[in-house]
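Accompanying notes for the structure given below.
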Amino acid sequence: METIIKTEDLHFSYPAVEGTTPVVLDGVDLEIQEGSFVAVLGHNGCGKSTLAKHMNAILLPSGGTVWVDGINTADEDRLLDVRRTVGMVFQNPDNQIVANVVEEDVAFAPENLGVPPAEIRQRVDDALKAVNMYQFREHAPHLLSGGQKQRVAIAGVIAMRPRCIVLDEPTAMLDPIGRKDVLRTIKTLNRERGVTVVLITHHMDEAAQAGRLIVMSKGRVVADGTPKEVFSQVEELHQVGLTVPHTTQLLWELRQEGFDVPLDALSDEECAQALYNLLQARGA
Ligand SMILES: Nc1ncnc2c1ncn2[C@@H]1O[C@H](COP(=O)(O)OP(=O)(O)OP(=O)(O)O)[C@@H](O)[C@H]1O
Ligand SMILES: [Mg+2]
């Protein structure tokens, strides 16, 4: 598979605050493959948003390099190409909605990119269908639920036809139903359209659905693998201030007590099966 985003020894510090310049990214080496679904987890302030902002040149490295589709993000002449390749979705949908009608909002970015009007119409309809909001195209965004607004914001990014979308805690402000709808939308974009997804989240259950999970701590990558592999490293995750999903935690505690259960039974079903197998083996 082709690499779409690559960070090489990425270092970053924000401009000096009261004479100190804390290192926020401290040597991040990552390769994100085109078409993959990658989740990023980490404690508050570990640098997730800062890393995300490097993926479409909102921030530029203090040291090292970021490549987007082979383009150095520090190359000013290619900024538009970088921004067309990687779209960003943020936490608060209210800050991302700019128009008074849903379809106008989705049309905003492609209009600014100079896409011809006939093609805009098609892109807007297509993007709204992709996030399952087409039936709301003539509605007022401010009357929609949080989850619906966030899906409109995602449509606005999709209308630019990016090959990758980076979502920085897109469900943090949503109720459980909105969270589920947004996550389903993200997964559909990845599976059915092959859009590369980088999802920054605090929710274990969302991270567990990705194909690859990256854990950050203090500006570094401290774990990287499939969710099953990463969540199995229970002690390491505890050390960086993270909990693990309830399923893994339960199995880990059973293992501490000497029971022979696998740590990678991540879904509720797999965990239930592991407990069933344990009881069977003990003749219960
Ligand atoms: N604009 C800024 N100026 C100075 N320092 C900043 C700025 N933005 C973030 N920081 C600091 O950089 C560090 C990393 O912040 P960042 O927002 O990347 O973390 P995060 O992992 O996204 O956290 P959270 O989980 O709270 O969203 C923190 O110590 C934060 O205080
Ligand atoms: Mg953040």
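The values are calculated or read from the model by the stated rules, or taken from the named source; none is laboratory data. Nothing here was measured: the structure is a model prediction, and the numbers come from that model. Heads up, the Cβs are rebuilt from the backbone with ideal geometry, glycines too, and the neighbour counts pull from every protein chain shown.
For this structure, a couple of remarks:
- Residues in the stretch 11-21 include at least one that is more than 9 Å from ligand 1 (Cβ to nearest atom) and at pLDDT 95 or above.
- Test: Ala140 is more than 22 Å from Lys48 (Cβ to Cβ), in contact with a Leu (Cβ under 8 Å, 6 or more places away or on another chain) and either at pLDDT below 90 or surrounded by fewer than 23 Cβ atoms within 10 Å (Cβ to Cβ) (or both): no
Residues are listed down the side, and each one gets a yes or a no for (1) touching an Asp or Glu at 6+ places or on another chain (Cβ under 7 Å); (2) at negative phi:
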| residue | (1), (2) |
| --- | --- |
| Ile4 | yes, yes |
| Asp9 | yes, no |
| Pro15 | no, yes |
| Val24 | no, yes |
| Leu30 | no, yes |
| Phe37 | no, yes |
| Gly45 | no, no |
| Leu51 | no, yes |
| Met55 | no, yes |
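- Hits in the stretch 32-89 (condition: closer than 17 Å to Ser13 by Cα and part of a strand (DSSP E or B)): Gly63, Gly64, Thr65, Val66
- Among residues of the stretch 30-53 that are in the same structural domain as Glu236 (by TED's automatic domain parsing) and under 13 Å from Cys164 (Cα atoms), those with a Cβ under 6 angstrom from a residue that is near ligand 2 (Cβ under 9 Å from one of its atoms) and among the hydrophobic types (A, V, I, L, M, F, W, C), sequence gap 6+ or separate chain, pair up as Ala52/Ile200.
- Summed over the stretch 181-204, residues that are surrounded by 17 or more Cβ atoms within 10 Å (Cβ to Cβ) and either away from ligand 1 (no atom under 16 Å from the Cβ) or more than 10 Å from the chain's Cα centre (by Cα) (or both) total 12.
- Flag for Gly178 being at pLDDT below 95, touching a Ser or Thr at 6+ places or on another chain (Cβ under 7 Å), farther than 26 Å from Val240 by Cα and more than 16 Å from ligand 1 (Cβ to nearest atom): yes
- Candidates in the stretch 14-31 are the residues that are part of a strand (DSSP E or B) and surrounded by fewer than 16 Cβ atoms within 10 Å (Cβ to Cβ); of these, the one that is nearest to ligand 2 (Cβ to nearest atom) is Val17.
- In the stretch 87-110, residue surrounded by the fewest Cβ atoms within 10 Å (Cβ to Cβ) [restricted to those that are of a type in the set (S, T, N, Q) and under 15 Å from His142 (Cβ atoms)]: Asn95
- Taking the criterion of being away from ligand 2 (no atom under 16 Å from the Cβ) and in contact (Cβ under 8 Å) with a residue 60 or more places away in the chain, the residues of the stretch 54-69 that qualify are Val66, Trp67, Val68, Asp69.
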